[in-house]
Amino acid sequence: MRNDVLILGGGVGGTIVANLVSKEVGDRARVTLVDTTGTHVYQPGFLYVAVGREKPAALRRPETSLIREEVKLVVDEATLIDPKAQKVILKTGRTMRYDELLIATGSRTVLDEVPGGAGAHDFYTMDGAQRLHRALEVFVAGTIVIGVAGIPYKCPPAPVEFAFLLDDYLRSRHIRERCQVKLLSPLNRAFTIETTSKLVQPILAERGIELTGFFNVESVDPIAKTVTSLEGETVDYDLLVLVPPHRGQKVIEASRLGDERGWIPVDKNTLMHTQFDHIWAIGDATNIPISKSGSVAHYEASVAAAEIAAAVKGEAPPVHVYDGKVMCFLETGRGQATTVSFDYDHPPVSPAPSVFWHWAKVLFNKSYWHTVPQGRL
Amino acid sequence: MSTLQITKSIDARGMACPGPLMNLIGAIRQGQVGDLFEVLSSDAGSKTDIPAWVAKAKHELVEVREDNGFAHFIVRKAR
């Protein structure tokens, strides 16, 4: 009898797992991928859309163009997971049973959790990035404030990268001297990782980007155009860009499979749910103490795929487990970038920013469609 | 032995910097004035980061003590 492998979420993690499991198990299982839109979106490109350096269409491809023929795509939304009955209920009313389930539903942004923050700009959705770009196009002078309204959030380097790309953008329009750029950091440094902070802080200072530490955005007054921190400070703005608070997906909360913010508790090495058998979770959806980023989902996917394939074949779980590997690029503007690469046991050492790493990021972004979703890289 | 009524305990042992502080900030964000939060951290950076943030945010660092290979912080949400 064929097993049913069900995958929720057609982002980077879910797509890789679907392809790798299908390739590994062949006819022994039906692999079904449920995705809410059927369109794969390359989210790291949102930053570039916001500053007019990328077109939205270049960041979208039909999911069917990225999955193996043997993988069945269902465009629908999971609304309830029943881990005891091993069933998932979809929005259209359809029920799907599974033998093995991978949850790769990612996270969602909830800007309306910030009092007064609903009208702030962000670059965490395609719509948000496009709206921010339109606002920047008509911006001619004033203070642009970049703040963080909740932790954890996707792609920890993103606020710093955005500050650098914004600096480039304003200079390209010859209005930089009429604009102030302020970066409000939740920590007493620019970036979560101390060594990388030491590398980027002098560059922020050199570009005239003002850094304020220990500023965790609590509320916004859109009439007075001020943003106030949990620590009790208030800053004026003309244009506010917020990293929104993030939560797990509603299906996780409705199914009580996660914590109070909807993050799924999994073993940080095997990526298996800590309470329920036959469930794995990867990417932003989990509660493991590591970045929420496409890179994490990418590295976790091969581990989860090997474990699911072994379960289907009735074999012992593979020895190789997820070791916390993360590798991200960090744009520092002016055509340069550095990297942030680490695992659970090895803290990162970021190289000096260079043109090389910028072009490596450009190359990765372009080659993504032909390498990552298929599990080739 | 502490007899304080802890509202929420955060066991951040094994979590790299700044995870323990970020978890504390998240908990205080959700908490009520007067709530007591306990953080257990094995990360050396917490010894400076947590007291510095508590001072900046004008909360109260009620207790700091070293335990067996980790630090133990108790923080009261003061405002």
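Scan the stretch A:65-163 for GluC sites (Glu not before Pro) in coil per DSSP, keeping those whose Cβ has at most 10 other Cβ atoms within 10 Å, and list them by number.
Numbers: sites: A:69, A:70, A:77, A:100, A:113, A:137, A:161; in loops: A:69, A:70, A:77.
Listed in order of number, the matching sites are A:69.
For the stretch B:19-74, run through the trypsin sites (Lys or Arg not before Pro) and keep only the ones in DSSP coil with at most 13 other Cβ atoms within 10 Å of their Cβ. Those satisfying the criteria are B:58. Excluding residue B:37 itself, calculate the net charge of residues whose Cβ lies under 9 Å from the Cβ of residue B:37, where each Lys or Arg counts +1 and each Asp or Glu counts -1. Counting the neighbours of residue B:37, the net charge comes to +1. Restricting the calculation to Cα atoms, the protein assembly as shown shows an Rg/Rh of 0.97 when the hydrodynamic-style radius is the Kirkwood one.
Here the 3J(HN,Hα) profile of the stretch A:338-345, calculated from phi with Karplus coefficients 6.51, -1.76 and 1.60 at θ = phi - 60°, is 10, 10, 10, 10, 7, 9, 4, 9 Hz, Gly and Pro shown as x. Distance from the Cα centroid of the stretch A:241-284 to that of the stretch A:323-377 is 25 Å (rounded to whole angstrom).
For residue A:271, the shell of other residues with beta-carbons less than 12 Å away shows a net charge of -3, using +1 for Lys and Arg and -1 for Asp and Glu. Given their separation in residues at 0.36 nm each and the Cα-Cα distance between them, residue A:212 and residue A:319 gain 34.0 nm when the chain is fully extended.
Just to verify a number: FRET efficiency for residue A:267 and residue A:238, C-beta to C-beta distance, R0 = 51 Å, to 0.05? List each step's numbers first, then the result.
On the way: r = 47 Å, r/R0 = 0.92.
In this case the efficiency is close to 0.65.
3J(HN,Hα) along the stretch A:261-276, derived from phi through the Karplus expression 6.51 cos²θ - 1.76 cosθ + 1.60 where θ = phi - 60°, amounts to 9, x, 8, 7, x, 10, 5, 5, 9, 8, 6, 8, 4, 6, 10, 10 Hz, with x in place of Gly and Pro.
Sites listed here are trypsin sites (Lys or Arg not before Pro) in the stretch A:138-237 whose DSSP assignment is loop and whose Cβ has at most 15 other Cβ atoms within 10 Å: A:173.
Taking the longest Cα principal axis of chain A as reference, the axis of helix A:194-206 is set at about 40 degrees.
Here's how it looks for residue A:216: its modeled amide H is under 5 Å from those of A:230, A:231, which are all 5 or more places away or on a different chain.
For the stretch A:245-257, the Karplus equation 6.51 cos²θ - 1.76 cosθ + 1.60, evaluated at θ = phi - 60°, returns couplings of x, 10, 9, x, 6, 4, 4, 6, 5, 5, 8, 6, 9 Hz by residue, with Gly and Pro reported as x. For chain A, the relative contact order is 19 percent, taking Cα pairs closer than 8 Å that sit 6 or more residues apart in sequence and dividing their mean separation by the residue count. List residues of the stretch A:131-171, by number, whose backbone nitrogen lies under 18 Å from a label position 7 Å along Cα→C-beta of residue A:205. Taking a point 7 Å out along Cα→Cβ of residue A:205, the residues of the stretch A:131-171 whose backbone N falls under 18 Å are A:164.
For the stretch A:111-245, calculate the relative contact order in percent as a whole number, restricting contacts to Cα pairs under 8 Å that are 6 or more residues apart. Present the calculation step by step, with values, prior to reporting the outcome.
Details: 240 pairs, mean separation 50.4, N = 135.
Relative contact order for the stretch A:111-245 comes out at 37 percent.
Residue B:61 to residue A:177: FRET efficiency via 1/(1 + (r/R0)^6), r the Cβ-Cβ distance, R0 51 Å, to the nearest 0.05? Walk me through the intermediate numbers first.
Working: r = 43 Å, r/R0 = 0.84.
It comes out at approximately 0.75.
Amide H contacts for residue A:123 (H built 1.01 Å from N in the peptide plane; partners 5 or more residues away or on another chain; cut-off under 5 Å): none found.
Relative to one another, the C-alpha centroids of the stretch B:19-79 and the stretch A:107-160 are positioned 28 Å apart. A cut-off under 10 angstrom between Cβ atoms defines the neighbours of residue B:73, and their net charge, with Lys, Arg +1 and Asp, Glu -1, is 0.
Note on residue A:225 and residue A:95: with the Förster distance fixed at 30 Å, the Cβ-Cβ geometry gives a FRET efficiency of about 0.05.
Over the stretch B:8-76, Cα pairs under 8 Å with separation of 6+ residues give a relative contact order of 34 percent. Between residue A:130 and residue A:367, the modelled label-to-label distance comes to 3.1 nm, taking each label 7 Å out from Cα in the direction of the beta carbon.
Which value, in nm² and rounded to one decimal, describes the direction-averaged projected area of the C-alpha convex hull of the stretch B:8-76? Don't jump to the answer; show the numbers that get you there.
Working: hull surface 15.5 nm².
Here the figure is 3.9 nm², rounded to one decimal.
Annotation: amide H-H contacts under 5 Å for residue A:263 (H modelled 1.01 Å from N, sequence separation of 5 or more, or interchain): A:248.
Among A:370, A:278, what is the fewest-to-most ranking by other Cβ atoms within 10 Å? Kindly include the intermediate steps, with their values, before the conclusion.
Working: A:370 11, A:278 17.
With the fewest neighbours first, A:370, A:278 line up as A:370, A:278.
Take the Cα of residue A:113, step 7 Å toward its Cβ, do the same at residue A:28, and the gap between the two points is 4.0 nm.
Any read-out appearing in this document is the output of simple, stated calculations on the displayed coordinates, not a laboratory observation. Here the structure is a predicted model, which means the values were calculated and not measured. Neighbour counts run over all protein chains shown; Cβ positions are idealised from the backbone, glycine included.
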